Amino acid sequence: MATVQKDRSMLLQKEMIANHFARLEQAPETGEKVVYTFVPGNLTELIRSFGALPMLPEINALQSGMRKQSGDYIAEAERAGHSEDVCTYVKCDIGMMRSGNIGPGGTKLPKPDLLLLSYTGCYTFMKWFELLREEYQCPTVMFHVPYQGDGVLEPEHRRYMLRQLREQVIPALEKVTGRRYDEDRLREHLVRSARAEDDLVAVLQAGKLRPSPIDGYFGTVYYVGPIFSAFRGTEEGVEYYRALREEVDERAALGLGPVTPDGPLNDQKYRLVVEGPPNWTSFRDFWKMFSDERAVVVASTYTKVGGTYDFGFRHDPADPLGTLADYCSGCYTNLNLPSRIDMLVRYIHEYQADGFLINSVKSCNSFSAGQLMILREVEKRTGIPGAFIESDLVDPRYFSAANIKNRLESYFQMIDARRLGKTA
Amino acid sequence: MATRGEDAGRQALTRAAVVDRAREIYDDLDFGVVRQWLAEHPGGKAGGYLPVYAPREVLHACGFLPVGIHGGGDRLEIIRGDAFYQSYICHLPRSVIELAQSGRLDMLSAVLFPSTCDVIRNLSGMWKLLYPDVYVRYIDVPQTPDPGAAVDFWAGELERLARDLGDVSGHEPGDDELRQSIALYNDVRAMVRTLYAVRQERPWDVPTEELYLLLRAGESLPPEEFIALARGYLAAVEAEPRRPRDNSRVVIVGAFCEQPPLGLIKSIERAGCYIVDDDFLLGNRFLTHDVPLDGDPLRALAAAFVRNDQHTSVLYEIDPLGKRRLMRDRVAAAHAHGVIFATPSFCDPALLDQPMLRAGAEDAGIPCIAFKYAENSGQFQQFREQAGTFSDSIKLWGAA
C-alpha cells in the first residue's frame, strides 16, 4: 500500500488537534470549561476570552467518518429511534456518545458545560442541541442568527444579534466559567483572528494560479480546519496559517501543484469549482477520482461554511461584538440561494475554471435543497456545463464509488469535447 | 351581492352541503375561489404563504387575500417539480413548484416562506429567481428565549413586511386597519379552536376528514367566508348528530407541514381511531390566545407570538423538559389514549423531534406507533392495518 504523502502544515495541524483533544480529555480534572458549538457562526474568540475550550460536534462527526467509525455510530442512533432520513452528523454524534463518547482520536470527550447553540444557517442545529441537552442535561444558550433572506445583513438583524450576545450569550458564559466578560481580552483574540484570516485568504486565492498550488476543496478542508474550529484567535492558529501560507507560496514559486494522497498534482488538466460538502467516509477515494484525472479544484463553497473571508470579511477588534455578528451572518449556509449562485459564478470567472461540480449530500438540506436550480442557473450564467453527483456526509451506505466515478469520467470527457469543439 | 359564505351563514346548510363545498375548494388546484375573489375585488391582491406560521393579518390588512400553499397532495401529477429536487428531499416543495410552473399560482403577487425548515427557506431563494416579479419574503420568526429581544425583533420584521406588502398592493395599512385584520383573525382562530373543542368532545360528530376539508377551505377563502362556512358546519353537526362508536382516541403528531393525503386521514379513522388532536394546518391556530387590540397593533401581534404557548418542532424549545412533557400534556388535554406519529418522509423538524417526543410519551406509558407518508401516498392499506392494530391493542390492553 502506498504511503500517504502529507503537507508539513498537515502534520502541524495534527499536533495542534492532538493537544487540543488532550486538553479536552483532561478538562474534568483541570477544571477547564467546555463549550460545544457549531462551525457556522462559531464564537470561538468569545469562548476563548472566557478561558473555555470549544468543541464542535460536526468536526467530531466528520473525523469519525474519515476514520470509518461513523457507520457503527449511525446504526447505534437508528437503533435508538433516530430516523434514517435525517442528518448523519447528528446520528454519528449521538451514536458516538451512546458508545462511550470516545472521540475520533481515541480520547475520551468531556461533557459540555454549556451548549452554545449558534443557530446559523442550518435548521438541524436547533434540534441537534435540543437532543444533546436531553442527553447531557446541561445549560444551553440559543443565539439566533437571522438568515440573509434578501441577500444582505439587515441593520435590525445585526442589532438583534448584538442584543442576544450582550444579554444571553455573554451572561451564560460568565455563569458557566465564573469569569467576567473582558472586552480587551476578546479584542486580543480578534486581532489574532484577522492575522490568520489574511494568511488563509492568500492561500485560498492561490487557486487562481496555474498550476494551482492548492486543491481548493479536498486540500482546503484541511486548511480551514483550525480556523473553523478551535483555533481562530489563538497563537497556534496564527502560526499555523503563517506556515501554511509560506508552504503554498513556496509551491507557487516553484510552479508546483498541491500534494494529494497520491503525490503532487503538478500537471493539471482540469480546473474545477465545487459546491457542497465532501463525502467523508471515502474521502481519499473521492479525492483520488479527481487527481487520477488530473483535476484540481481551484475554489469551493463548502470551505466557506465557517466564514467567507475571501470576499473581504475580517474580524475587527475595533467592534468586538459587532464583528462577531457580522461574521455569523456571512457564513455560507446563511446566504440565500441567489447569493450562493453569485459566489459560484464569481469563482468560476475569477479562478478561470473549466467546470463546476455539485456534490449533493443526502444529510444536509441546508446545502442540498435547491442545488439543482443552482446547477441550472450557474450553467446559464457562465455557459459552462456542470456535473451533479450524490453522496452523503458520514453515512457509508450512501457513497457509491462506481456511480460517482462513472459520472466524473463522463463529465471530464464532456469538458474534453468542449475544448476540441472550441479549437476546431 | 352576497357571497357564498354569507349565504352559508344565513341558510341552514346540511352537513353534506358544507363538506361538499369545502371539498370542492380543496380539490381545486387552480384556486378558483381566489381567482373569483380577485375578480370581485379590483385592486385586491392574493398573497401566498407556506407552512407553518405566517402572519396572515398583515397580508390581509395590506389588501391581500391570504392563501395557504400546501402543495398538490395526491391530486397533482409531478412533471416539472421533480427536476428541482433530489429524491431525498420531501415531496411538498416539488409539488409547490409544480403548481407554480404550471401557472396555478400565477395569481399570487406575494409569497411568504416561513422559517419552518431549510427546504422551505431555500425555496424562498428559488422563488426569487423563478418569479422575479413576485414579492418574496423569508419569514424568520424569533428563536431567542429573551422575550424582550424577541418582541423587538419580530415587531421590526412585521413592520418591514407591512411596508413591503403595502408597496406591492399600493395600500400600507394604518393602525386601525391592522387592528381590524387582527380582530378578524382572532375570530378565525377562535372558530378553529371551537371546531377542535367540539371534535375533541364528540369526535363521532366531527370526523377529522370533514374538519380537515373545512380547514383547508379556510386556507383559500376570505376569513369572513370561512367563519360563515364553519358556523354552518357546526349548526349542521348539531342538527345531524351521530352515534358514538367504540373507537380509540388518538393524537396525530408530525403532520404540520407537508399535509397527509385525505385518504390517510380517512384510513386512520376507519381503522377505529378517533383523531382528537393533531398538527394538521397548524398555522391556522398557531397563536393560542387572542391578540390584544389595544396599543401598537404590530407590536401586539409580535408580543402575542412571543408569549404564545404553542410548542412545536419549528420553534426552539426553551424548557429542557419541554419535549419530554409535550406528548403527555397533549394526550391528557385531549383525553386521548395514544399517539400516532405520522410524519412526512424526509421532514427534518418532525423526524428530529420524534425520538424526544416518543421517549416522553413512552415514559408516561402512552402507547405510540409511527409511520411515514408523502402527500401523494396512494396506498393506504398498510396505514389502515397499523392504525387498526393500534386501536385494537389500546382497547384490549389500554385504558379505552
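With the solvent-accessible surface defined on protein heavy atoms using a 1.4 Å probe, which residues belonging to the stretch B:85-122 display a reduction of at least 50 Å² in accessible area in the multichain context relative to the isolated chain? Residues meeting the cut-off: B:Gln86, B:Tyr88, B:Asp118, B:Arg121, B:Asn122. The accessible surface of the stretch A:159-221, taken with every protein chain in place and a 1.4 Å probe, is 44 percent carbon and sulfur.
Would you list the P(r) distribution for the stretch A:8-181, with all Cα-Cα distances sorted into 10 Å bins from 0 and each bin expressed as a whole %? In whole percents, the pair-distance histogram is 10, 35, 35, 18, 2.
Between B:Leu321 and B:Arg202, the contour length at 0.36 nm per residue exceeds the Cα-Cα span by 39.7 nm. For the stretch A:186-423, relative contact order (Cα pairs under 8 Å, six or more residues apart, normalised by length) works out to 21 percent. Here's how it looks for A:Gly216: its modeled amide H is under 5 Å from those of A:Val297, A:Val298, A:Ala299, which are all 5 or more places away or on a different chain. At full extension, B:Gln101 and B:Arg270 could sit 57.2 nm farther apart than now, given 0.36 nm per residue minus the alpha carbon distance. The residues of the protein assembly as shown expose on average 35 square angstrom of accessible surface per residue, using a 1.4 Å probe on protein heavy atoms. In percent, rounded to a whole number, the relative contact order of the stretch A:82-154 is 27, using alpha-carbon pairs under 8 Å and six or more apart. Taking one quarter of the surface of the convex hull spanned by the alpha-carbon atoms of the stretch B:247-400 gives a direction-averaged projected area of 9.6 nm².
Applying 1/(1 + (r/R0)^6) with R0 = 56 Å to the Cβ-Cβ distance of A:Gln137 and A:Arg8 gives a FRET efficiency near 0.85.
Pairs from the table (A:Lys127/A:Lys405; A:Lys108/A:Lys362; A:Lys208/A:Lys269; B:Lys323/B:Lys372; A:Lys111/B:Lys372) lying more than 25 angstrom apart at Cα are A:Lys127/A:Lys405; A:Lys108/A:Lys362; A:Lys111/B:Lys372. On the principal axes of its alpha carbon atoms, the stretch B:166-249 extends 55, 23, 19 Å, with the longest extent given first.
Interface residues of the stretch A:92-129, defined as those losing at least 20 Å² of solvent-accessible heavy-atom surface relative to the isolated chain (probe radius 1.4 Å), are listed as A:Tyr119, A:Tyr123, A:Thr124, A:Met126, A:Lys127. Karplus-based coupling profile of the stretch B:348-358, in residue order and whole Hz: 4, x, 6, 6, 6, 6, 4, x, 5, 5, 5, with θ = phi - 60° in 6.51 cos²θ - 1.76 cosθ + 1.60 and x standing for Gly or Pro.
The A:Glu29 and A:Arg98 beta-carbon pair, evaluated with R₀ = 22 Å, returns a calculated FRET efficiency of approximately 0.40. Placing pseudo-labels 7 Å out from each Cα toward the beta carbon at B:Gln382 and A:Asp184 gives an inter-label distance of 6.6 nm. The simple spin-label model puts a point 7 Å past each Cα toward its Cβ; for A:Ser410 and B:Ala332 those points are separated by 5.8 nm. May I ask you to work out the translational diffusion coefficient for the stretch A:274-424 at 10 °C, viscosity 1.306 mPa s, via Stokes-Einstein with Rh from the Kirkwood sum over Cα pairs, reported in whole µm²/s? Rounded to a whole number, D works out at 96 µm²/s. Heavy-atom surface analysis with a 1.4 Å probe gives the stretch B:247-400 a carbon and sulfur content of 51 percent of its accessible area. Which whole-number percent of Cα pairs in the stretch A:240-297 have a distance greater than 16 Å? So the pairs more than 16 Å apart make up 52 percent of the total in the stretch A:240-297.
Computed from label points 7 Å out along Cα-Cβ, the spacing between B:Phe371 and B:Ala183 is 4.7 nm. If you take all other residues with their beta carbon under 15 Å from the beta carbon of B:Pro173, and give Lys and Arg +1 and Asp and Glu -1, the sum is -3. Panel note: the C-alpha atoms of the stretch A:1-108, placed on their principal axes, show extents of 40, 38, 28 Å (largest first). For A:Val361, the solvent-accessible surface with a 1.4 Å probe is about 0 Å², rounded to the nearest 10. Take the Cβ atoms of B:Asp246 and B:Gln36, set R0 to 45 Å, and the FRET efficiency comes out at 0.55. Relative contact order, whole percent, for chain B stands at 21, derived from Cα pairs under 8 Å and 6 or more residues apart. Around the amide H of B:Val253, modelled in the peptide plane, lie the amide H atoms of B:Ile340, B:Phe341, B:Ala342, all under 5 Å away and 5 or more residues distant in sequence or on another chain.
Only alpha carbons enter this Debye calculation for the protein assembly as shown, each as an equal point scatterer, and the log10 of I(q)/I(0) it gives at q = 0.06, 0.08 Å⁻¹ is -0.40, -0.71. Contact residues in the stretch A:136-167 (at least 50 Å² less accessible area with all protein chains than alone, 1.4 Å probe): A:Met142, A:His144, A:Tyr147, A:Asp150, A:Tyr160, A:Arg163. Solvent-accessible area lost on pairing B with A (1.4 Å probe, both sides summed) amounts to about 4700 Å². Between A:Leu254 and A:Ala202, full extension at 0.36 nm per residue minus the direct alpha carbon distance yields a gain of 17.1 nm.
Panel note: the C-alpha atoms of chain B, placed on their principal axes, show extents of 62, 49, 48 Å (largest first). In this view, the solvent-accessible surface of A:Thr382, computed with a 1.4 Å probe and all protein chains in place, comes to about 30 Å².
A:Glu390 contributes about 80 Å² of solvent-accessible surface, heavy atoms of the protein only, 1.4 Å probe.
The values are calculated or read from the model by the stated rules, or taken from the named source; none is laboratory data. Remember, it's a predicted structure, so these values are computed and weren't measured experimentally. Heads up, the Cβs are rebuilt from the backbone with ideal geometry, glycines too, and the neighbour counts pull from every protein chain shown. The protein model used for the area step is the full one, side chains on, heavy atoms only, and it has no ligands, DNA or RNA in it. Shrake-Rupley method; radii C 1.70, N 1.55, O 1.52, S 1.80 Å.
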